[in-house]
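Structure first, then comments.
The values are calculated or read from the model by the stated rules, or taken from the named source; none is laboratory data. This one's a predicted model, so the numbers in the text were calculated from it and none came from an experiment. Here Cβ is always computed from backbone atoms with ideal geometry, including for glycine, and neighbour counts include all displayed protein chains.
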Amino acid sequence: MLELLCLHGASAGHDVRDSTSSSRPVPSFSQALEPSTSGSSTDYASSRPLQGKRMALIKETLGEGVEPQVQAAIMQAAKHYESLGAVVEEVSLPSFRLGLPAYYVLAVSEASSNLARYDGVRFGSRNKDAAELQAMYEASRELGLGGEVKRRIMMGTYALSAGYYDAYYKRAQQVRTIIASEMEGALQQYDGLLCPAAPTLAYRFGEKAKDPLSMYKGDVCTVNVNMAGLPAVVLPCGFADQASHPGSPQLPVGLQVVGRAFDEAGILQLAHAYEQTRSAENWPTLAFPALP
Amino acid sequence: MQVEYEAVIGIETHVQLLTKTKAFCSCPSKFGSDPNTNVCPVCLGHPGTLPSLNAAAVELGVRASLAFGGAVARTSKFDRKQYFYADLPKGYQISQYDEPLCSGGAVEVEEKDGTRRRYGITRAHLEEDSGKTVYGGADRMAGSEYSLVDFNRAGVPLLEIVSEPDMRSGRDAYQYGDELRRILRFAGVSDGNMAEGSMRCDVNVSVRPKGTSDFGTKVEIKNMNSFSNMQKAIDYEIDRQSNLLRTGRGSEIVLETRLWDEFKLQTYSMRKKEGLADYRYFPEPDLPPLILSDGMLEQIKASMPELPAARRARYLSLGLPLQDVLVLADEPTIATFFDTVLATKVSPKAAANWITGDIQAYCKDNKKGMGELAMTPQVLADMVALIEEGIISGKIAKDLLPSLLEGAANEKGVRQLVTERGMTMVTDEGQIAAMVEQILAANPKQLEQYRGGKNKLQSFFEGQVMKESKGRVDPKLMKAVLMKKLNQEA
């Protein structure tokens with residue numbers, strides 16, 4: 001968390017070249033390091049450093065569709081937070097699961113627009129055989145853009161088309177507003193909302209290439225943070241078996257802590273306290289297999 | 001009975017705003033630089049770059065809106081208008097779609113006979129200009145071998161002003177465009193230079209049987225580099241469409257963009273529009289909504305200069321004839337010059353005469369604007385004052401003016417220059433009488449004829465005395481003395 005904190009401290013604040021960045025003053029993040037990092041883990045825990053903090057598990061991110069061992073790791077993390085003195089409850093955000101489809105409508109719409117510049121005129125690899133401009137665009141984009149990129153451009157272009165805009169883009173923005181207000185409402189009562197970073201463990205490379213929808217579903221827990229404009233941090237909270245690949249090594253589970261808008265310091269403090277007191281076996285070590 | 005047709009005309013005007021830098025980056029927005037020298041990663045649409053709005057462009061947009069009486073939106077937003085073209089580097093133009101900066105307004109036109117006409121404005125919004133495509137191997141797209149793109153223009157701030165379909169003829173359109181340009185120039189919003197493309201008009205023309213209220217199929221005309229060409233193009237197009245309707249070929253009027261060929265004096269089809277273009281507008285995610293603070297709006301309101309209509313009214317109230325007023329309030333530089341002269345309390349009529357007469361002629365001959373004159377307004381004021389004081393004659397002033405226009409009196413003042421050149425008026429009666437006698441003596445034949453009853457010769461003698469004195473004699477006094485001498489010794 002210390003590295004994350006340094007990085008965030010350096011990048012936070014207004015950027016004159018980015019009109020969407022906030023111009024509010026950047027607070028000191030050093031409070032996130034309190035209580036102090038000195039002393040043994042046991043001492044730290046026994047001091048109940050999160051006394052007075054209120055947290056809540058998001059109900060809609062648990063249960064159906066969530067791998068049981070992922071859920072178990074999250075519940076254990078919640079217990080750990082209680083042991084640090086925090087109150088951990090459950091909160092229901094009924095609109096939470098609408099976030100995924102809304103997010104994908106908005107994200108692919110923006111992507112279709114942002115990627116228009118890769119048309120072979122100044123960016124993207126130009127097909128030089130085309131006889132005229134339109135043919136050059138088509139051939140260059142066919143040649144230079146990958147499958148998933150093309151899929152998203154197609155979906156985004158469709159969602160923004162005349163006659164579909166209201167049903168897709170506009171509706172998705174309305175959903176976004178609902179999600180944001182629901183999450184903000186919950187964060188008036190809680191200092192942090194807890195949920196898995198993803199409902200399943202990491203899938204294997206290429207495993208879902210033919211099923212993009214199930215791939216997109218993996219984003220259900222994280223997209224709403226972007227939709228609502230809230231800060232969140234993900235930290236490792238344990239390991240789980242790969243259910244579909246018995247006998248394979250366990251993979252890490254991520255815990256997401258979502259905070260109030262501009263309260264990065266608050267969630268970094270919650271994450272820091274967890275990191276300093278977690279049991280060692282829940283923390284992954286970076287071990288790379290030796291090269292043959 | 002033959003059906004009479006009437007045209008319905010609406011105009012979309014794009015004006016480049018007079019900002020130092022572009023709309024969303026800090027590149028210079030000036031015209032005429034070497035190709036692709038006023039560019040940066042933002043206006044070239046490099047991946048990862050973001051727009052940041054130029055406050056000066058907003059201010060000029062607001063000024064323009066106030067100038068033509070539009071309602072300025074306290075909150076407006078930017079949208080992306082998406083289409084593929086080589087001179088549009090991002091693949092979309094940042095524009096304003098459903099929440100424009102300004103709604104409503106009007107341009108009121110004053111004719112030479114004093115009648116007024118009002119042309120409504122629907123809306124005005126901010127957007128960025130595209131790059132400029134230059135066709136190689138031909139002067140237009142058709143027949144060209146290649147095209148090059150100059151991105152100096154990409155990202156220059158524009159205000160698009162959309163008129164109501166209130167115009168019925170090429171002349172109406174001319175008047176609307178001409179007055180709109182004047183308003184924008186006086187408001188300091190744009191230089192309105194059509195030849196350089198800082199003001200561009202796209203005209204929609206349709207024709208319908210007179211007395212009906214449905215609109216006919218509209219045709220868009222572009223590429224007119226002056227208002228007189230715009231007038232000709234519209235009148236050509238009205239004729240073309242009316243003739244097609246009259247001869248039962250109405251189906252040949254199709255949704256299309258036509259260009260004006262100023263040499264053949266006709267419009268020709270550039271591209272047919274297959275249905276309505278789908279620009280897939282959506283809110284620009286890289287820019288927050290544009291919110292105008294009370295302070296900013298008040299500040300702009302307070303700094304609004306006097307606009308053409310108000311100037312005309314003020315000049316008329318000075319007792320000046322409309323003909324002169326239209327010239328004086330035509331151009332900010334002329335109006336400013338005139339106002340500076342007025343401030344010295346000389347006679348408005350005299351100052352106006354000099355400006356609309358000799359000085360305008362000089363500007364035309366030398367292809368100079370009033371703003372480029374070497375002569376200061378103070379010099380003209382001094383010259384007019386010297387005439388009013390009777391120190392120089394109008395005739396002398398006319399002779400003196402060319403050197404004043406070149407700046408001859410800027411340093412030393414008109415009074416001293418006149419003295420140095422010995423141009424002050426002769427008002428001494430004795431001196432004038434001597435001159436008159438000399439002239440009478442030199443022209444005995446004419447004198448005899450005059451005294452024989454040929455009264456017309458009076459002006460011959462006046463001319464001779466003037467000539468002899470190099471225009472310096474006080475004309476009234478000289479006339480009196482001359483008459484006395486001519487008649488007395490008869």
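Here are a few things to note about the model shown:
Listed here are the residues, each with its yes/no results for (1) modelled with pLDDT under 95; (2) among the aliphatic types (A, V, I, L, M); (3) over 20 Å from A:LEU268 (Cβ atoms).
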position	(1), (2), (3)
A:ARG176	no, no, yes
A:ALA180	no, yes, yes
A:MET183	no, yes, no
A:ALA186	no, yes, no
A:GLY192	no, no, no
A:PHE205	yes, no, yes
A:LYS210	yes, no, yes
A:LYS217	yes, no, yes
A:VAL220	no, yes, yes
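- Just so you know, in the stretch A:127-140 the residues that are over 35 Å from the mean Cα position of the chain (by Cα) and charged (D, E, K, R) include one that is nearest to the other protein chains (Cβ to nearest Cβ), and it is A:GLU132.
- Listed here are the strands (runs of 3 or more DSSP E) enclosed by the stretch B:71-185 that have at least 2 residues being touching a Phe, Trp or Tyr at 6+ places or on another chain (Cβ under 6 Å), buried (at least 18 other Cβ atoms within 10 Å of the Cβ) and within 14 Å of chain A (Cβ to nearest Cβ): B:79-82.
- Contacts under 8 angstrom Cβ, first residue in the stretch A:98-118 being closer than 13 Å to A:LYS170 by Cα and aliphatic (A, V, I, L, M), partner at pLDDT below 95 and outside any helix (DSSP H, G or I), 6 or more apart: none
- Considering only residues in the stretch B:135-150 that are touching a Ser or Thr at 6+ places or on another chain (Cβ under 7 Å) and free of Cβ contacts under 8 Å to residues at least 60 places away in the same chain, the one that is nearest to B:LYS30 (Cα to Cα) turns out to be B:TYR135.
- Scope the stretch B:440-465; condition acidic (Asp, Glu) and surrounded by 13 or more Cβ atoms within 10 Å (Cβ to Cβ); matching residues: B:GLU462
- Matching residues, the stretch B:256-300, being closer than 30 Å to B:ARG208 by Cβ and exposed (fewer than 14 other Cβ atoms within 10 Å of the Cβ): B:LYS264, B:LEU265, B:TYR268, B:SER269, B:ARG271, B:LYS272, B:LYS273, B:GLU274, B:GLY275, B:LEU276, B:ALA277
- The helices (runs of 4 or more DSSP H) found entirely in the stretch B:381-490 that carry 1 or more residues being outside the structural domain of B:SER347 (by TED's automatic domain parsing) and of a type in the set (Phe, Trp, Tyr) are B:444-451, B:457-468.
- Test: residue in the stretch A:82-91 that is within 13 Å of chain B (Cβ to nearest Cβ) and part of a helix (DSSP H, G or I): no
- Within the stretch B:426-439, considering residues that are modelled with pLDDT of 85 or more and of a type in the set (Val, Ile, Thr), the one surrounded by the fewest Cβ atoms within 10 Å (Cβ to Cβ): B:ILE432
- Among the candidates A:ALA130, A:ALA139, the residue that is surrounded by 15 or more Cβ atoms within 10 Å (Cβ to Cβ) and farther than 30 Å from A:ASP211 by Cβ is uniquely A:ALA130.
- Residues in the stretch A:179-208 that are in contact with a Cys (Cβ under 8 Å, 6 or more places away or on another chain) and in a loop (DSSP other than H, G, I, E, B): A:ALA197, A:ALA198, A:PRO199.
- Failed condition for A:ARG151, given (1) within 14 Å of chain B (Cβ to nearest Cβ); (2) at pLDDT 95 or above: (1)
- Any hit, the stretch A:96-119, residues being at the interface with chain B (Cβ under 10 Å from one of its Cβ atoms) and exposed (fewer than 15 other Cβ atoms within 10 Å of the Cβ): no
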